[in-house]
There are 2 protein chains.
Amino acid sequence: MMRIVVDALGTDNRPEPDVAGAVLAAKEFHVDIILVGPIHRIQKELEKHDTTGMNIEILDAPQEIAMSTKAGDVTRGYEKSSMHVGMQLVKDGKADAFVTMGNTGAAMAIATLSTLRRIPGVKRPALTAIYPIYDHPIIVLDIGANADVKPEWLVQFAEMGSIYARSALSYDPPRVATLSIGEEEGKGNQMLAATQALLQKSEINYVGHIEPKEILTQNAEVIVFDGFVGNVFLKTFESTIRYFTNLLRQEVNKSWRAKLGGLLLRPALNSVRSRLDTNAIGGAPLLGVDGIVIIGHGSSNAEGVKSAINQARKAVLGGTVDMLRQHFASKSNTAGTE
Amino acid sequence: MMRIVVDALGTDNRPEPDVAGAVLAAKEFHVDIILVGPIHRIQKELEKHDTTGMNIEILDAPQEIAMSTKAGDVTRGYEKSSMHVGMQLVKDGKADAFVTMGNTGAAMAIATLSTLRRIPGVKRPALTAIYPIYDHPIIVLDIGANADVKPEWLVQFAEMGSIYARSALSYDPPRVATLSIGEEEGKGNQMLAATQALLQKSEINYVGHIEPKEILTQNAEVIVFDGFVGNVFLKTFESTIRYFTNLLRQEVNKSWRAKLGGLLLRPALNSVRSRLDTNAIGGAPLLGVDGIVIIGHGSSNAEGVKSAINQARKAVLGGTVDMLRQHFASKSNTAGTE
């Protein structure tokens with residue numbers, strides 16, 4: 001039976017959506033759940049649900065990590081936090097995956113430096129996001145862990161993204177692309193030119209550079225960029241949607257005709273919002289650490305937590321970590337020094 | 001009297017919107033216009049308009065630059081193109097500004113390498129865009145001319161953007177920011193750290209790093225990034241809006257209720273679109289070349305061309321180029337080598 005550890009202190013509204021999402025997942029996916037966090041808060045929350053027939057354990061981890069806690073501070077002295085205790089279970093082979101909606105930087109630091117650590121051969125773990133572009137999921141990486149990169153790291157991001165997309169998103173083979181800028185103005189930067197040369201020699205299904213508009217038109221399933229550019233892409237995407245809907249709201253409030261139109265259109269707008277919503281996907285993997293770690297948005301509701309657990313489940317079923325280990329083990333025999 | 005040269009072969013639908021926009025501008029702003037391009041095509045187009053009382057000249061430039069023409073090809077052998085002839089007029093002091101909706105790379109190359117050339121002291125000219133964020137214009141640069149940069153160049157972009165925002169957009173003083181990524185995941189990259197250190201010592205009104213979401217919430221009027229990141233920001237912004245409206249169209253077509261809502265909402269949606277539309281601003285300056293060059297979208301309509309001419313007019317009235325010349329002349333006395 002698959003065992004997934006869920007951080008009960010993940011979301012902004014912790015532990016309510018975290019626990020509710022875990023119960024939904026246990027029911028729908030028939031997986032064993034270990035809720036990790038302060039035992040009394042979890043028990044109290046869990047009592048609100050009917051968990052008949054489900055296998056949901058609680059593991060005490062009294063220490064709390066806030067959204068504002070700095071990543072640099074958690075690698076020492078946070079051994080009793082839900083993240084540390086939960087990831088250690090995966091490290092010790094007592095669970096198959098760890099899921100959290102909490103502080104991304106803290107999760108990254110605890111995974112990389114204190115518990116799971118890197119898969120041998122991986123230079124730098126990468127943060128990822130998964131988007132359902134016209135309901136067709138794509139994975140983008142790195143989205144913020146590595147602002148300054150080397151071409152060799154970008155190649156590893158491409159390899160990790162490709163393995164994830166194949167094993168957990170069922171693309172065979174996924175199309176892997178590097179994000180660049182239009183020929184109109186320039187031809188990308190030096191880092192990308194060096195990366196492209198390496199990728200063209202690699203075994204992955206590399207389709208070349210694509211532009212931002214092509215990310216949003218299903219031209220590839222794995223998009224690679226450095227963490228700075230990736231974070232700018234991600235945040236620009238999110239804030240443009242917010243900006244557009246704000247402008248629309250302003251205009252709708254200007255006339256009765258538009259208000260009525262807005263009312264009639266509300267279900268369609270909600271449907272668009274849910275298609276854009278990260279809750280549909282729930283979370284995305286931290287790739288390169290030696291175990292499955294899925295990180296979701298702090299704003300997730302129970303449905304989002306459930307979806308994140310489903311991402312973890314798919315990665316376990318797909319054997320993602322074993323494939324990554326094998327890939328980098330075979331590479332490290334031939335690779336030079338950093 | 002102010003004299004503005006307008007490229008008649010700029011837009012995708014050349015020369016119709018270019019000529020019509022020039023006529024609109026001549027009428028509304030009382031500026032003299034010189035239309036540059038193949039004389040017979042312009043004459044034929046101009047005959048469609050009533051130009052009584054306007055001062056619109058035609059200057060022959062028979063050579064055509066396509067949108068597909070490579071920037072590297074235009075610096076030799078294109079001396080009879082509308083861009084070359086038009087910019088040379090500005091260079092020779094026979095006109096005050098040049099406006100084109102044509103090939104951005106070609107305009108950049110002809111301005112920088114064949115006609116106007118750089119303002120003494122400027123290391124690299126920058127491409128810019130102007131957005132009306134909630135109807136509050138901001139200028140962002142570089143958006144694609146310089147994919148690989150040095151901190152000193154970014155500082156110059158900040159200075160040029162600041163001078164433009166002050167002289168042509170009437171901010172006193174404009175708030176200047178560098179785009180970076182959230183503290184949550186990282187702290188920007190090494191290039192930005194070095195740039196920030198220099199900007200904090202400068203005379204401009206530097207407000208520090210901001211994130212993409214803050215660009216869209218009026219936290220600064222001048223946003224500085226390298227051309228790679230700037231282009232990703234710009235293209236992600238544009239394609240996210242297209243993606244969102246496509247999703248909305250799909251949902252609207254799914255039910256009669258939503259279709260009716262969409263019909264009632266159409267004026268509000270058009271209003272949002274026009275507030276996002278580049279036609280409202282028309283074009284943005286190529287900064288760092290020794291003269292006013294405004295570049296707009298190839299998809300511009302006559303209204304867009306008129307707005308671009310208005311941007312040129314504001315920069316002439318504001319004395320932008322003189323301010324830039326003075327700034328870099330005073331700097332070059334104290335600056336070291338590159």
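Taken together, the values in this text are just the output of simple stated rules run on the coordinates, not laboratory data. If you're wondering where the values come from, they're calculated on a predicted model, not measured in any experiment. FYI the Cβ positions are ideal-geometry reconstructions off the backbone, even for glycines, and counts take in every protein chain you see.
Could you tally the net charge around residue A:20, taking each other residue with its Cβ under 15 Å from the Cβ of residue A:20, Lys/Arg +1 and Asp/Glu -1? Computed value for this residue: -3. Under 19 Å of direct C-alpha separation, and excluding same-chain neighbours fewer than eight residues apart, residue B:48 reaches these lysines: B:27, B:306. Ordering A:230, A:270, A:329 by Cα displacement along the dipole of chain A toward the positive end leaves A:270 in first place; charges were set at the Cβ atoms of Lys, Arg (+1) and Asp, Glu (-1).
Hey, with R₀ at 45 Å, roughly what FRET efficiency would residue B:75 and residue B:253 work out to, going by the Cβ-Cβ distance, to 0.05? Using R0 = 45 Å, I get an efficiency of 0.40. Around the Cα centre of chain B, unit charges on the Cβ atoms of Lys, Arg, Asp and Glu (plus for the first two, minus for the last two) sum to a dipole of about 460 debye. Electrostatic tally near residue A:46: other residues with Cβ closer than 12 Å to its Cβ, Lys and Arg +1, Asp and Glu -1, net -3.
Candidate cross-link partners of residue B:150 among the aspartates and glutamates, defined by an alpha-carbon separation under 20 Å and a same-chain spacing of 8 or more, comprise A:148, A:185, A:226, B:142, B:159, B:203, B:226, B:338. Distance between Cα centroids, region B:246-318 to region A:232-297: provide it in whole Å. Answer, in whole Å: 22. Taking the Cβ of residue A:246 as the centre, find all other residues whose Cβ is under 15 Å away and add up their charges (Lys, Arg: +1; Asp, Glu: -1). Once all neighbours under 15 Å are counted, the net charge is +3. Mean residue ellipticity at 222 nm, helices only, the protein assembly as shown: -14000 deg cm²/dmol; runs of at least 4 DSSP H residues each add -39,500 (n - 2.57), and the sum is divided by the number of residues. The mean number of Cβ atoms from other chains found within 10 Å of a Cβ in peptide B:246-254 is 5, as a whole number. Kindly state, to the nearest 0.05, the FRET efficiency for residue A:317 paired with residue B:32, given R0 = 45 Å and r defined as their beta-carbon distance. Efficiency, from the Cβ-Cβ distance: 0.05. Bridging of residue B:213 to lysines at a Cα separation below 23 Å is possible for A:70, A:213, A:235, B:187, B:235, once same-chain residues fewer than 8 apart are set aside.
In terms of the mean number of neighbouring beta-carbon atoms within 10 Å, the peptides A:92-104, A:157-169 order highest first as A:157-169, A:92-104. Rounded, prolate or oblate: pick one for chain B, where a ≥ b ≥ c are the square roots of the eigenvalues of its C-alpha gyration tensor, a/c under 1.5 means rounded, and failing that, prolate if a/b is larger than b/c, else oblate. Judged from the Cα gyration tensor, chain B comes out oblate (a/c at least 1.5, b/c at or above a/b).
Could you rank the peptides A:121-129, B:2-10, B:238-246, B:215-223 by their average count of other C-beta atoms within 10 Å per residue, with the highest value first? The partial results should precede the final answer.
Values: A:121-129: 23.9, B:2-10: 27.3, B:238-246: 18.0, B:215-223: 22.3.
Highest to lowest by the protection proxy: B:2-10, A:121-129, B:215-223, B:238-246.
Given R0 = 60 Å, the distance between the Cβ atoms of residue A:50 and residue A:245 translates into a calculated FRET efficiency of 0.95. Positive end of the dipole of chain B (Cβ unit charges, origin at the Cα centre): among B:103, B:298, B:61, the Cα lying farthest that way belongs to B:298.
Taking the DSSP beta bridges with both ends in region B:132-278, the antiparallel portion is around 15 percent.
Which value in Å does the Kirkwood hydrodynamic radius of region B:132-278 take, with 1/r averaged over all unlike C-alpha pairs and then inverted?
Details: mean 1/r = 0.0589 Å⁻¹.
After inverting the pairwise mean of 1/r, the radius is 17.0 Å.
DSSP assigns beta bridges within chain B; of those with both partners inside it, close to 30 percent run antiparallel. Charge dipole (Cα centre; +1 on Lys/Arg Cβ, -1 on Asp/Glu Cβ; no other charges) of region B:140-223 amounts to roughly 140 debye.
Legend: mean number of C-beta atoms from other chains within 10 angstrom of residue C-beta atoms, peptide B:94-104, equals 0.
To the nearest 20 debye, what charge dipole does region B:18-126 have about its Cα centre, counting +1 at the Cβ of each Lys and Arg and -1 at the Cβ of each Asp and Glu?
Working: 13 positive and 13 negative charges, 131 e Å.
That gives region B:18-126 a dipole magnitude of about 620 debye.
Quick one: grab the alpha carbon gyration tensor of the protein assembly as shown, order the square roots of its eigenvalues as a ≥ b ≥ c, and give me rounded if a/c is under 1.5, else prolate or oblate depending on whether a/b is larger than b/c. Note, shape of the protein assembly as shown comes out prolate.
Across the copies of the chain, residue A:92 has label points (7 Å from Cα along Cα→Cβ) spaced 8.5 nm apart, shortest distance listed first.
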